[in-house]
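Remarks on the structure that follows.
The values are calculated or read from the model by the stated rules, or taken from the named source; none is laboratory data. Because the structure is predicted, anything quoted here is derived from the model rather than measured. Here Cβ is always computed from backbone atoms with ideal geometry, including for glycine, and neighbour counts include all displayed protein chains. What goes into the accessible areas is simple: the full protein's heavy atoms, side chains included, and nothing from ligands, DNA or RNA. Shrake-Rupley method; radii C 1.70, N 1.55, O 1.52, S 1.80 Å.
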Amino acid sequence: MGLEPSTRPWLFARMIGSFAIMSIVALTIGLLAAAVIGTAIYLAITVAFAVVRGYVLSFGGGVPGGELWGLWVSNAGPIAMVIGIVSLPLFYRDPIRAEIRRFNAEIGTTGTLATERHPEIATMARRLSQQADISEPEVRIVNRRRPESYALGGRSNGTIVITRGVVRALEDEEIEAVLAHEVSHLANGDGRLVTLLLVPMLVAEHLGSRERPAFQFFHGLGVFAYVAHVVVWTVLTAVTTAQLLLCQLGVGFLSRGREFAADRAAAELTGSPGALASALETLHDARGRPDEDLRDFRRSAGALDILPPDEKRRASDLFRTHPTTERRIAALRSMAGSETY
């Protein structure tokens with residue numbers, strides 16, 4: 001089971017728009033990082049050359065390559081940028097990969113397998129995946145009281161994560177509806193798409209997670225070093241904050257439409273739109289503001305959750321990762337009152 005033909009052009013247009021926004025963000029991050037790295041390397045090389053040049057001149061000898069030195073100094077900006085672009089993969093490839101692996105580990109490999117603690121939930125997921133014509137997903141249950149659910153991966157290697165809060169808050173029919181929603185995400189390929197879109201957000205979160213530098217006095221130079229550090233931190237914080245907002249705009253532009261599509265597909269899988277509507281209503285009422293480790297609720301993870309991390313804080317519709325729960329419930333109630341699903 002996949003997306004309905006009537007919804008494909010609409011979601012495809014949203015996907016193109018989202019990737020355009022995220023490409024701009026990724027390019028901005030890359031250019032800024034290349035500029036910083038290139039400038040640092042350029043200054044190090046320049047200082048080394050200047051020391052050697054001064055040492056040779058102090059002995060009254062001629063310094064070969066004077067024209068090359070002149071070109072090097074007069075074209076500092078372009079040379080530094082080229083050096084940065086060439087060096088960027090060496091400095092950022094492994095950290096970015098590590099950040100992605102850490103994110104997937106945080107979300108997709110924690111908790112206990114449902115087959116071990118709640119075999120009835122694993123059975124529900126197996127039945128729903130057979131109906132959706134995808135491989136059976138691995139279902140994990142995380143021991144966290146806040147009700148959340150996620151879907152990672154795709155049709156052939158999906159993982160569904162739900163928290164203990166979901167199990168405790170919902171009836172069996174509602175749990176099945178939540179699982180159907182996540183199975184629909186897997187069937188529609190949403191997990192892979194959103195995870196790909198989250199890469200620039202993960203990088204921006206990683207770069208912007210540093211705390212404000214603390215003042216340290218060291219032989220009279222501490223003031224200057226501290227001011228320089230604060231300036232760098234301020235610029236980095238401002239840039240990554242803007243990047244995170246753009247990332248949220250790009251992810252939300254795609255994911256809002258796909259949440260509606262997953263809701264409808266889940267209602268078709270279970271034959272009960274009312275069960276998912278009831279589940280969303282219960283989860284919405286049970287959700288409070290995050291009061292646990294903030295990494296568990298960073299914006300990148302919240303984009304994959306069945307509900308936004310903090311819906312009680314009203315956000316502009318442009319930056320929402322999800323439609324409002326009221327609209328989703330209303331759409332499901334409308335389906336329940338018709339015979340077209």
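Here's the yes/no breakdown for (1) at pLDDT below 65; (2) in contact with a His (Cβ under 8 Å, 6 or more places away or on another chain); (3) hydrophobic (A, V, I, L, M, F, W, C):
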| residue | (1), (2), (3) |
| --- | --- |
| E4 | yes, no, no |
| R8 | yes, no, no |
| A13 | no, no, yes |
| L27 | no, no, yes |
| G30 | no, no, no |
| A35 | no, no, yes |
| A44 | no, no, yes |
| V47 | no, no, yes |
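Do any strands (runs of 3 or more DSSP E) entirely within the range 109-168 hold 2 or more residues that are hydroxyl-bearing (S, T, Y) and modelled with pLDDT under 95, and if so, which?
On the way: elements: 138-142, 149-152, 159-163.
Once the strands (runs of 3 or more DSSP E) in the range 109-168 are filtered for at least 2 residues that are hydroxyl-bearing (S, T, Y) and modelled with pLDDT under 95, what remains is 149-152, 159-163.
I need a count of the residues in the range 49-65 that are surrounded by 12 or more Cβ atoms within 10 Å (Cβ to Cβ), assigned to a helix (DSSP H, G or I) and at pLDDT below 75. Break it down into steps so the answer makes sense when it comes.
Going through the range 49-65, the residues surrounded by 12 or more Cβ atoms within 10 Å (Cβ to Cβ) turn out to be 49-50, 53, 56, 63.
Narrowing the set further to residues that are assigned to a helix (DSSP H, G or I) leaves 49-50, 53, 56.
If we keep only those that are at pLDDT below 75 as well, we get 53, 56.
Going through the range 49-65 one residue at a time, the tally reaches 2.
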From the residues in the range 164-195 that are open to solvent by 20 Å² or more (accessible area, probe 1.4 Å) and in contact with a strand residue (DSSP E or B) (Cβ under 8 Å, 6 or more places away or on another chain), which one is nearest to G153 (Cα to Cα)? T195
Looking across the range 313-341 at residues that are modelled with pLDDT under 75 and open to solvent by 80 Å² or more (accessible area, probe 1.4 Å), the single one that is nearest to L269 (Cα to Cα) is Y341
Considering every residue within the range 279-302, establish whether at least one is in a helix (DSSP H, G or I), surrounded by fewer than 19 Cβ atoms within 10 Å (Cβ to Cβ), basic (K, R) and at pLDDT below 80. yes
Scanning the range 107-164 for residues that are touching a residue at least 60 places away in the same chain (Cβ under 8 Å) and charged (D, E, K, R), the one nearest to L276 (Cα to Cα) turns out to be E148
For A238, the lone unmet condition from (1) closer than 20 Å to L198 by Cα; (2) at pLDDT 75 or above; (3) crowded, with 19+ Cβ neighbours inside 10 Å is (3)
In the range 136-149, what residues are open to solvent by 10 Å² or more (accessible area, probe 1.4 Å) and under 19 Å from the mean Cα position of the chain (by Cα)? none
Can you spot a residue in the range 205-221 that is assigned to a helix (DSSP H, G or I) and either modelled with pLDDT of 80 or more or open to solvent by less than 10 Å² (accessible area, probe 1.4 Å) (or both)? no
